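Heads up, the thing below is written out as structure tokens.
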Amino acid sequence: MTSLQDPLSHLQSLEAESIDIIREVASSFQRPVMMYSIGKDSSMMLHLARKAFAPGPIPFPMLHVDTTWKFREMIAFRDKVASDLGLDLIVHSNPEGIAEGMSPFVHGSRVYTDVMKTQALKQALSAGRFDCAIGGARRDEEKSRAKERVFSFRDRNHRWDPKTQRPELWNLWNTRIGPGESVRAFPLSNWTELDVWTYIHLEKIDVVPLYLAAERPIVERDGALIMVDDDRIPLEPGETPQMRSVRFRTLGCYPLTGAVESEASTLSEVITEMLVARTSERQGRVIDHDGDGSMEDKKKEGYF
Amino acid sequence: MDPRFDANSDNIEEYLARHERKQLLRFLTCGSVDDGKSTLIGRLLHDTKGIYEDQLAAVEGASKKYGTQSGQADLALLVDGLRSEREQGITIDVAYRYFSTEHRKFIVADTPGHEQYTRNMATGASTCDLAVLLVDARHGVSVQTRRHCVITSLLGIPKIIIAVNKMDIVDWDQSVYDSICEDFKAFSSKLPDREQHFIPMSALEGDYVAEASEKAPYYTGPTLLELLETIEIGGQEQETPFRMPVNHVIRPDLDFRGFGGRIESGVVRPGDRVTVLPAGTESRVERISTFDGDLDVAGAPRSVAIVLEDEVDASRGDMIVASAEVPATSDRIAADLVWMHEEELQPGREFILRHGTRITPCRIRRIIHRLDVDTLESVEANSLALNEIGRVEIETDSPLVFDPYEAVRGTGSLILVDRIGNWTMAAGMIRGKATEARWTATPISGADRIGEEGLVSADERAARFGQKPATILLTGLAGSGKTRIAAMLERALFDLGRVAIRFDGTTMRKGLNRDLGFSASDRSENLRRSMEAAKLINDEGIICVAAFVAPQAGNREQAKALVGTDRFLVVHCSAPLEHCRAKDPTGLYAHAAERDLDGIPGISFDYEVPERPDLELPTHQIDPEEAVNRILALLSERGFLR
């Protein structure tokens, strides 16, 4: 074995790569913004951004696209983090969607996601004239993401076209864009779910308590365990929420996010459960199962 | 999900501690269409339990729709991502896959095998430490196999594993396996040396991928997965000199200024002497600052912020390097390009070049040659088409600070971006300064076919002329007496009945080298062409007396290698600068002082004093007659004059 002066573990290598990408964004773009979705990946990405610019502050704002259907605990967590770290946090919801009373229960997940997530995101990016949005997507999440670039090019309408994506060699990022065009940058591209959890554990990063098991009011819908987070969820006749010990592997809008039954109430226990798990994390997301290739279609429309 | 983790008996904290220390190996898979790449990766993911049940279920569903393995789950479908590709049954872009074992985390760059997708292979290869090249046992080493082998070599992947796949279809026939290995070795021996391994396997049935098998008793080596887990990796990038391109300057207040960047090469410690290039400012490392506190040592590929002891001005695009071993700086470089765009590259075209964190306009001065990847010959080319590879000379607006790609990947690589459309047009591997590359350029294919054996032997010439040919390079500052001594030496040889020709830096520029100026690169080229001519003259048995400033030690070494080490003599006219300036026989120094001219050796650029000349002539102390006598004595002593 070569004796290294400073041997890097895989997590240190991934961290170094992510920090380099985040710094690249800050140096190359006029108006960057970091997406903050409150989930574990966002929490980790925020942590990496703090590392990239320490001892200075993060030189760009954070953007949360609030669908108004997020878990209440997520919103509380978001506000606390923003205030503790003194973040420049922008929160945007689609005003037209709110005016129409957009609900996943009434309008279905496809329309709802388009209006409250995809359209809302485009509104916020256009309003802020952001030329680069940093997202926490990982290539291991879903098959169509395996070919996603670290710097993913979007046209004037925020659309992703597989044919216009540029080859990426070494770490020589091509960040050049024309007027009105933008880039989505993915510093976590090469992390896997297990890497993220291990890193969170190692670095003691705070995450939303919903990731840990607790007794929560649950109804079962098409086999998915849905948490009754507020009274906007229409209960079927005779349906009553059951208290069950559950946790969430991913966090999004509560009506679209299935819980898993679990007793893992600490981070170590969560990782233990994951190490023996037999299903992938996106399984809890209703959106990916709308049709074979559905993520690919949503990305073309401008979804992250 | 890790099969080696037992929730009942294993301690999670211990497991995590182990997991946190894993190494990372990035590897590339390549091979022709239908050689079974996707199946192999699917097999690796499946056998290392990197696939979840719902993904497997989705694949089983999709297998019925698109699958080619009737009945079984088609593991290839695990990795074929975009719908359009799945329908066509081909992979059209680089995809990245992840799996891990007890010892390592793996990032797999899965690249397609189509001829027209060289671009994707180069992309995937650029970040990899190892390549797995699949060969279909039925078809053997194909044009595609050779091509992929060449590209991985050009992109500097240090290790390669040749997976001879589909051995089940040829009944695990040893002779088939052996002949493929032999064919491959015969071809790869023409490329620079690197570590190579061969494994027979069936990705479809899983033999020798993750699980050992008895189907090939003649193969006693490890399975592919065992090899991937144990092959020595990493470290190379810490063994080369310290290099860190500045990515982002962190300056939260007046008390802190850190140069943020990723270390591309070497290690750095507080107290190290470093130089900021291209400015050339020296300082010492005061601190290596990170969010988690200062470090005592940091090595590639870590991202850090470096605080220097002095108030040094550096910004994004600059490079901080070890003062003891600085890289080359030049605005004229030679690079091998992988051309990635439908529109052909023509000489004269302008681009935006990115190298490290530096971004500068550039121009392609000329295409030196195209590489025929099938024959490995350099062929003449006026353009480069999509997926072609060629060597070009690039002129940049601001100078690049670089190492040759083969020495340091991170500081030897570049991309070219279209000025208007912003598309990434080419990837480049820097081979050196343009002029240095000229010294070692391989002749264009066909050049060796012309010409006939001479009918006069070297011995006959020596007998006729009474001499063995040599090139005597008189080097020294302007005004050191080279030209005068050269003229008198030629006269003396003539009077002795010998045959000599005299070259002079100035006279060469009147004809053969009339297109060259006085920049460092043009001086180098002036010397190179003159030495090519000297070589021809020596081949004819004639002595060449050559008076050139030849300020660069490297160029003099190259000249010696070109002409022939046994017939090249360096004679240093060592009069110091003050003496030359005072004497100023041609009025050059006075003229320069008046007009503020560039290009005066010893003033506007360094004259590198020869360390071990064959003869040193203190021309400020001895007269030219004495100098000539000493050279004649040297020629006799070395047996050039009888």
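Please treat every number below as a calculation from the coordinates, not as lab data. Because the structure is a prediction, the values reported are computed rather than measured. Backbone-built Cβ (ideal geometry, glycine too); neighbour counts: all protein chains shown.
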Discussion item. If you take every residue apart from B:M167 with its C-beta less than 11 Å away from the C-beta of B:M167, what net charge results, scoring Lys and Arg +1 and Asp and Glu -1?
Written reply: -3
Discussion item. Among the listed pairs A:K80/A:K204; A:K70/A:K204; B:K166/B:K215; A:K147/A:K204; B:K433/B:K535; A:K122/A:K147, which have their C-alpha atoms separated by more than 20 angstrom in this model?
Written reply: A:K70/A:K204; A:K147/A:K204; B:K433/B:K535; A:K122/A:K147
Practice prompt. Kindly put B:D255, A:D66 in sequence by how many other C-beta atoms sit within 10 Å of each C-beta, fewest to most.
Written response: B:D255, A:D66
Worksheet item: Tell me, what HN-Hα J-couplings in whole Hz come from the Karplus equation 6.51 cos²θ - 1.76 cosθ + 1.60 at θ = phi - 60° for each residue of segment B:96-107, using x for Gly and Pro?
Response: 10, 10, 9, 8, 9, 10, 4, 9, 9, 9, 10, 10
Fill in: Order by protection proxy (mean Cβ within 10 Å, highest first), peptides A:142-149, B:272-279
A:142-149, B:272-279
Worksheet item: Which value in deg cm²/dmol, rounded to the nearest 500, describes the helix-derived mean residue ellipticity at 222 nm for chain A, given -39,500 (n - 2.57) per DSSP H run of n ≥ 4 and division by the residue count?
Response: -9500 deg cm²/dmol
Worksheet item: Distance from the Cα centre of segment B:573-642 to that of segment B:113-169, in angstrom?
Response: 54 Å
Discussion item. Can you tally the net charge around A:A213? Count Lys and Arg as +1, Asp and Glu as -1, for every other residue whose Cβ sits under 10 Å from the Cβ of A:A213.
Written reply: -2
Worksheet entry | Convex hull volume of chain B per residue (C-alpha atoms, cubic angstrom) | 219 Å³
Fill in: Sparse-neighbour loop sites [GluC sites (Glu not before Pro); segment B:100-196; at most 16 other C-beta within 10 Å; DSSP]
B:E102
Practice prompt. Partner chain Cβ atoms within 10 Å, averaged over the residues of A:20-28 - can you pull that number for me?
Written response: 6
Item to complete: May I ask you to evaluate 6.51 cos²θ - 1.76 cosθ + 1.60, the Karplus curve with θ = phi - 60°, for each residue of segment B:483-492 and list the ³J(HN,Hα) values in order in whole Hz, giving x for glycine and proline?
Response: 5, 4, 5, 4, 5, 6, 5, 4, 4, 4
Worksheet item: Tell me, what HN-Hα J-couplings in whole Hz come from the Karplus equation 6.51 cos²θ - 1.76 cosθ + 1.60 at θ = phi - 60° for each residue of segment B:578-587, using x for Gly and Pro?
Response: 4, 5, 4, 5, 5, 6, 6, x, 9, x
Worksheet item: Could you give the distance between the Cα centres of segment B:341-376 and segment A:202-278, to the whole Å?
Response: 54 Å
Item to complete: For chain A, just run the numbers: alpha carbon Rg, then divide by 2.2 N^0.38 Å, N being how many residues it has.
Response: 1.00
Discussion item. Can you give me the angle between helix B:143-154 and the longest principal axis of chain B, using Cα atoms only, in degrees from 0 to 90, rounded to the nearest 10?
Written reply: 60 degrees
Response to the item:
Expected integer from the mean partner chain Cβ neighbour count at 10 Å over A:160-167 is 5
Worksheet item: Under the definition of partner shielding as Cβ atoms of other protein chains within 10 Å of a residue Cβ, what is the mean value for peptide B:298-306?
Response: 6
Worksheet item: Under the definition of Cα pairs under 8 Å and six or more residues apart, what whole-number percent is the relative contact order of chain A?
Response: 20 percent
Worksheet item: Taking all pairs of different Cα atoms in segment B:458-637, averaging 1/r and flipping that mean, what Kirkwood radius in angstroms comes out?
Response: 16.6 Å
Worksheet item: Looking at segment B:237-322, what % of the alpha carbon pairs are farther apart than 18 Å?
Response: 31 percent
Item to complete: For a label point 7 Å from the Cα of B:E102 along Cα→C-beta, name the residues of segment B:202-230 whose backbone N is under 16 Å from it.
Response: B:210-212, B:223, B:225-230
Practice prompt. Specify the angular offset, from 0 to 90 degrees and rounded to the nearest 10, of the alpha carbon long axis of helix B:624-637 from the longest principal axis of the alpha carbons in chain B.
Written response: 60 degrees
Discussion item. Given the DSSP H assignment, sum -39500 (n - 2.57) over each helix run of at least 4 residues in chain B and divide by its residue total; what's the result at 222 nm in deg cm²/dmol, nearest 500?
Written reply: -8500 deg cm²/dmol
Practice prompt. Any chance you could list the semi-axes, whole Å, largest first, of the equivalent ellipsoid that the Cα gyration tensor gives for the protein assembly as shown, using √(5λ)?
Written response: 61, 33, 24
Worksheet entry | Too-long pairs where the Cα-Cα distance tops 27 Å, listed order kept, from A:K163/B:K190; B:K510/B:K560; A:K40/A:K163 | A:K163/B:K190; A:K40/A:K163
Discussion item. I need to check one value: relative contact order of chain B, counting alpha carbon pairs closer than 8 Å and at least 6 residues apart, in percent.
Written reply: 8 percent
Response to the item:
Excluding residues fewer than 8 positions from B:K185 in its own chain, the aspartates and glutamates with Cα under 17 Å of it are B:D136, B:D193, B:E195, B:D374
Discussion item. Amide H of B:K22 versus every other amide H placed in the peptide plane: which residues, excluding those fewer than 5 positions away on the same chain, fall under 5 Å?
Written reply: A:H10
Item to complete: Kindly rank B:125-135, B:491-501, B:455-465 from highest to lowest mean number of other beta carbons found within 10 Å of each residue.
Response: B:125-135, B:491-501, B:455-465
